[in-house]
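Chemist: Handing you this structure, nothing more for now.
The values are calculated or read from the model by the stated rules, or taken from the named source; none is laboratory data. Just so we're clear, the structure is a prediction, and the values are computed from it rather than from any experiment. Quick reminder, even Gly has a Cβ in these numbers, built from the backbone with ideal geometry, and neighbours come from all protein chains shown. These area figures cover heavy atoms from the full protein model, side chains too; ligands, DNA and RNA do not enter into them. Shrake-Rupley method; radii C 1.70, N 1.55, O 1.52, S 1.80 Å.
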Amino acid sequence: MTDNKTKHSGLSRREMLSWTAAIGAGLALTDGVTGGVSGAVAMTQDDVDTLPRVTQAMVKPPFLPEHEQIATGGAKVVVVRFDIEEKKMIIDDEDTEIWALTFNGSVPGPMIVVHEGDYIELTLANPATSTMEHNIDFHAATGAMGGGDLSLVAPGEEATFRFKAIKPGVFVYHCAPGGMMVPYHITHGMNGAIMVLPRDGLKDGHGKPITYDRAYYVGEQDYYISKNEDGEYLSYETPGEDFADFLTAAATLTPSHVVFNGAVGALTGDKAMKANVGETVLIIHAQANRDTRPHLIGGHGDHVWGSGSFADAPQSGLETWFIAGGSAGAAVYTFRQPGLYAYVNHNLIEAFQKGAAAHFQVEGEWNDDLMTQIRKPAAMM
């Protein structure tokens, strides 16, 4: 519907760029580029130049790019390109709009998958049609604000930098141009995740290999959309015009929407994630801003890396797990029964009122030993 939104104007494109540059220069902190990681083998530029180069084709979430669960051969340079897109998105069934700030056009941005010891060479391109400066901070990276200091690009610019994946696990990445523009960009969709697999694959707490038949990537997103005096969500003509309203809404720390993969219902109905009975599914869950607690209704986390670190043994048999804001976690589950499974943030207000819910549709044969109905609902005897 278009009659439930009020158009609103604010900062111009020129004002937004000037303001972003000012706060980036005045408030962003830098830690420099450091070396000498304990236990790591330092390679020269000439050494890295001799490594195989593999271009990783990005795919839209909830899917992952093609990858090996166990690495073959030595370290590689994995080449990735992100094109920034500022785009208007509908985020619920009431046609509420947001000017999303995106990597490659999706909320969340695409998943990158590499192995420990690989190098990621990323090109970040900001088209001339953009209204703002953007960059990227990888929580998996070491130094230079996670790459943010090396990748700040104005409209019409692109930059390339490389980092070595020395920590195995799943990690968030996000835009971090400085000051309040950091939460502004994150809560407008500019975040994603990277998975750094151990070279010999995932293991349980006893060193036994864990493999998966399918993998899905859930990005939990909080939005802060302001309303007018009539209680209708505001709409804006261009990106950035909502900044002043955002400051007011965000100060409450209460999101208007908490959704999976960009919008209410993005992973439900005919967009539900698929599996078969007997298949083991890896679920990567990222939340760049707020704490969350994933739960699979009717299933469990057979093995869970809630902190995201694959260097640590996973917990097992969890009903609900915790993922801290600004991080990603991973869980594997082998489906044992067919049917529809709800996958939710188990703050159930956020799941059912604000949108943080997804579905798995699982095919296969029912197992009466695990569950059976003794008596259908009927009048009390």
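Chemist: Using a cut-off of 13 Å between beta-carbons, work out the net charge of the residues near Lys208 (Lys and Arg +1, Asp and Glu -1, Lys208 not included).
Modeler: -2
Chemist: If you take the Cα Rg of the range 57-98 and divide it by 2.2 N^0.38 Å, with N the number of residues, what do you get?
Modeler: 1.85
Chemist: Of the accessible area of the chain, with the probe set at 1.4 angstrom, what percent is carbon plus sulfur?
Modeler: 54 percent
Chemist: Still on this model: Considering only DSSP beta bridges with both partners in the chain, what is the antiparallel share in %, to the nearest 5?
Modeler: Counting DSSP beta bridges with both partners in the chain, the antiparallel share is about 65 percent.
Chemist: Next question, about the same structure. What does the charge count around Gly339 come to, taking other residues whose C-beta lies under 12 Å from its C-beta (Lys +1, Arg +1, Asp -1, Glu -1)?
Modeler: Summing Lys and Arg as +1 and Asp and Glu as -1 gives -1.
Chemist: Got a sec to turn the phi values of the range 247-263 into Karplus ³J(HN,Hα) couplings, 6.51 cos²θ - 1.76 cosθ + 1.60 with θ = phi - 60°, whole Hz, x for Gly and Pro?
Modeler: 4, 5, 5, 5, 4, 6, 6, 10, x, 6, 9, 10, 10, 9, 6, x, 7
Chemist: Can you give the net charge of the other residues whose Cβ lies under 11 Å from the Cβ of Pro108, counting K and R as +1 and D and E as -1?
Modeler: Here the charged neighbours net out to 0.
Chemist: Now, a different point. Counting only heavy atoms of the protein chains, get the accessible area per residue of the chain (1.4 Å probe) and round it to a whole Å² value.
Modeler: 45 Å²
Chemist: Among the listed pairs Lys203/Lys271; Lys227/Lys271; Lys203/Lys274; Lys76/Lys203; Lys87/Lys354; Lys167/Lys354, which have their C-alpha atoms separated by more than 27 angstrom in this model?
Modeler: From the list (Lys203/Lys271; Lys227/Lys271; Lys203/Lys274; Lys76/Lys203; Lys87/Lys354; Lys167/Lys354), the Cα-Cα distance tops 27 Å for Lys203/Lys271; Lys227/Lys271; Lys167/Lys354.
Chemist: In whole Hz and in residue order, list the ³J(HN,Hα) couplings for the range 180-193 that follow from phi through the Karplus curve 6.51 cos²θ - 1.76 cosθ + 1.60, θ = phi - 60°; x for Gly and Pro.
Modeler: 3J(HN,Hα) across the range 180-193, in whole Hz: 5, 5, 5, x, 4, 5, 4, 7, 10, x, 8, 7, x, 8.
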